[in-house]
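The values are calculated or read from the model by the stated rules, or taken from the named source; none is laboratory data. This structure is a prediction, so every number in the text was calculated from the model and none was measured. We place every Cβ from the backbone using ideal geometry, glycine too, and count neighbours over all the protein chains shown.
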Amino acid sequence: MKRLAARLRALAPDSLFARLTLILLAGLAAAQFLSAMLTIEERNDASMGAMIDYVEVDLRTAVALLDRLPHDERAAWLPRLQRGGYRYALGAGEAGPPVTAPHSLRLLASVRRALTPGHAFNANALAGDAERFQVHVPLADGQPLTVDFRPRRGLPLSERLPYMLAAQLALVALACWLAVRLAIRPLRTLAQAADALGPDLRPVRMPEQGPSEVVAAARAFNAMQQRIAAYVDERLRILAAISHDLQTPITRMRLRVDLMDESPQQQRLIDDLQHLEDLARQGIGYARAMHGQLEAARAIDPNDLLDAMALDYRDSGADVAYASAGGAPVLTPFCTRPGALRRVVTNLVDNGLKYASEVRIEMERAAPELITIRVLDRGPGIPEAALEQVFEPFYRLESSRNRDTGGTGLGLAIARQLALTLGGGLTLHNRPGGGLEARLVLRAVQPKVNA
Ligand SMILES: Nc1ncnc2c1ncn2[C@@H]1O[C@H](COP(=O)(O)OP(=O)(O)OP(=O)(O)O)[C@@H](O)[C@H]1O
Ligand SMILES: [Mg+2]
């Protein structure tokens, strides 16, 4: 039973739309088929009843007429007496097995009522044709008469019936499709609105119109969106405020430490303050990235930007190389937010430099509005299970919780957030042969100024 259910589930189409349409259509088609069968059955039954009543009267009249006709005139009358379901013949007819078919038995009862009392008769079915039977009745002067019955199952069906049924079915299918579409549409809108609640957390309101249930769901969804946006906004403001306000006491402490005598203690304090300052800066960066304080998009040549970045790194002694994949230059400008892009790539390159001695940046333009930037290193990579977790704010692998590679754990979170606001995505992949590949896919953004 469980297996059957599982198999049925596997066969069911994926979308709710297809499932509902299928269930409604199958149910209605089956009901329609059953009611058509019932009507035909009723109709056959009624026509059979009428025929039986008719046969009784007709047979009695025919036999009485033949009884009274002179011997030589009977044959000429026979064609006039015959009906659709039975015909007369003068003669002994054929022998055969007893009558057993249900329709034949009903007709036979009617024959019995027509011929008794007055005429002795016998009846038999015909070998090979269970539905056909003959009644043998001797006429008044002893001449044998045979009535050959071919009971018909019912009245013939109208030629238009299949077309009418097909038209009915088409109508039912259309009604199902319309009804299901009506029921599913709000779900689709809801999914789109939920999807549109993008990284910048700007709520896209769902239209509050349509049937009352849909309006209620849309209102609840819109209210929820607004609450989420308000919560996140409030938290980010707090984070930004704390990070910002931390900078003043840190600066003051720095000044004081600078006045101290040079000692290992002083150096440690300077390092700690540096770390604190980084934290505060990253906090502000994260809040800004999340809050969508986006710069205006403009057309740039990403080749130039990445090349200049690699050059800056090399100037400061880091081994960072840039290559446009296949050496193909980007001919047309690409519309993006250069500050955000620079920030993402910097975070990725900085990570790479923490774990490897050299980092390579590659760029590939898949389509005019789509580029892929890869930041590659030959460091230790990241365990497969943690490839997604490292994007969570403050998540850092155990191995990097030391001073040398120590950071705040916000770099990747900020980078992904910015990548989303750049209309793209950021993923990490372990490279064959060791090392990490940070893959940044960017879509050209509309060159409009964001408030
Ligand atoms: N190229 C890499 N090779 C190996 N591990 C990496 C690499 N990049 C990131 N990681 C791991 O992912 C973690 C999260 O990276 P993320 O950039 O978010 O934080 P961080 O570099 O530790 O700190 P921050 O960037 O905020 O100064 C790192 O702590 C490290 O464990
Ligand atoms: Mg980092």
| said: Being of a type outside the set (Lys, Arg) and either on the phi > 0 side of the Ramachandran plot or within 16 Å of ligand 1 (Cβ to nearest atom) (or both) narrows it down to one residue among Ala230, Ala321; which is it? | reply: Ala321
| query | Can you tell me which residue in the stretch 118-144 is farthest from Arg74 (Cα to Cα), limited to those that are loosely packed, with under 14 Cβ neighbours inside 10 Å and in contact with a helix residue (DSSP H, G or I) (Cβ under 9 Å, 6 or more places away or on another chain)? | reply | Gly118
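Suppose we filter the stretch 347-367 for residues that are within 16 Å of ligand 2 (Cβ to nearest atom) and in contact with a helix residue (DSSP H, G or I) (Cβ under 7 Å, 6 or more places away or on another chain); how many remain? Walk me through how you get there before you give the answer.
Of the residues in the stretch 347-367, the ones within 16 Å of ligand 2 (Cβ to nearest atom) are 347-356, 359, 361.
The next check asks that each one be in contact with a helix residue (DSSP H, G or I) (Cβ under 7 Å, 6 or more places away or on another chain); those that pass are 347-351, 359, 361.
Looking only at that region, the number is 7.
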| Picking from Ala415, Ala444, which residue would you name as being modelled with pLDDT of 85 or more, within 14 Å of ligand 2 (Cβ to nearest atom), buried (at least 18 other Cβ atoms within 10 Å of the Cβ) and within 34 Å of the chain's Cα centre (by Cα)? | Ala415
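Would you tally the residues in the stretch 8-52 being of a type in the set (D, E, K, R), assigned to a helix (DSSP H, G or I) and exposed (fewer than 12 other Cβ atoms within 10 Å of the Cβ)?
Keep residues of the stretch 8-52 that are of a type in the set (D, E, K, R), which gives 9, 14, 19, 41-43, 45.
In the following step, the residues that additionally are assigned to a helix (DSSP H, G or I) were identified as 9, 19, 41-43, 45.
Imposing the further condition that a residue be exposed (fewer than 12 other Cβ atoms within 10 Å of the Cβ) reduces the set to 9, 41-42, 45.
Summing the residues that are of a type in the set (D, E, K, R), assigned to a helix (DSSP H, G or I) and exposed (fewer than 12 other Cβ atoms within 10 Å of the Cβ) in the stretch 8-52 gives 4.
Take the residues of the stretch 145-188 that are more than 38 Å from the chain's Cα centre (by Cα) and among the charged types (D, E, K, R): which is surrounded by the fewest Cβ atoms within 10 Å (Cβ to Cβ)? So that I can check it myself, show each step before the final result.
Step one: of the stretch 145-188, the residues more than 38 Å from the chain's Cα centre (by Cα) are 145-160.
Filter once more, keeping what is among the charged types (D, E, K, R): 148, 150, 152-153, 159-160.
Details: Asp148: 17, Arg150: 14, Arg152: 15, Arg153: 11, Glu159: 7, Arg160: 9.
Result: Glu159.
Quick check: anything in the stretch 196-210 of a type in the set (D, E, K, R) and in a helix (DSSP H, G or I)? Can you show your working first?
Step one: of the stretch 196-210, the residues of a type in the set (D, E, K, R) are 200, 202, 205, 208.
From what's left, in a helix (DSSP H, G or I): none.
For the stretch 196-210, residues of a type in the set (D, E, K, R) and in a helix (DSSP H, G or I): absent.
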| Can you name the residue in the stretch 354-366 that is surrounded by 18 or more Cβ atoms within 10 Å (Cβ to Cβ) and at pLDDT 90 or above and is also farthest from ligand 1 (Cβ to nearest atom) among such residues? | Met363
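Which one of Ala229, Ala240, Ala218 is buried (at least 16 other Cβ atoms within 10 Å of the Cβ) and under 30 Å from Leu279 (Cα atoms)? Reasoning before the result, please.
Values: Ala229 fails: buried (at least 16 other Cβ atoms within 10 Å of the Cβ); Ala218 fails: under 30 Å from Leu279 (Cα atoms).
Unique residue meeting the criteria: Ala240.
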| message | Step by step: first the residues of the stretch 335-376, then only those that are more than 18 Å from Arg314 (Cα to Cα) and of a type in the set (Asp, Glu), then the one that is nearest to the chain's Cα centre (by Cα). Which residue is that? | response | Glu369
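Filter the stretch 368-387 down to residues that are acidic (Asp, Glu) and away from ligand 2 (no atom under 16 Å from the Cβ) and give me whichever is farthest from Leu305 (Cα to Cα).
Here is the first cut: in the stretch 368-387, the ones acidic (Asp, Glu) are 369, 377, 384.
The next check asks that each one be away from ligand 2 (no atom under 16 Å from the Cβ); those that pass are 369, 384.
On the way: Glu369: 17, Glu384: 31 Å.
Ranking the candidates gives Glu384 first.
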| message | Looking only at the stretch 369-386, count every residue that is touching a strand residue (DSSP E or B) at 6+ places or on another chain (Cβ under 8 Å) and more than 7 Å from ligand 1 (Cβ to nearest atom) and tell me the total. | response | 10
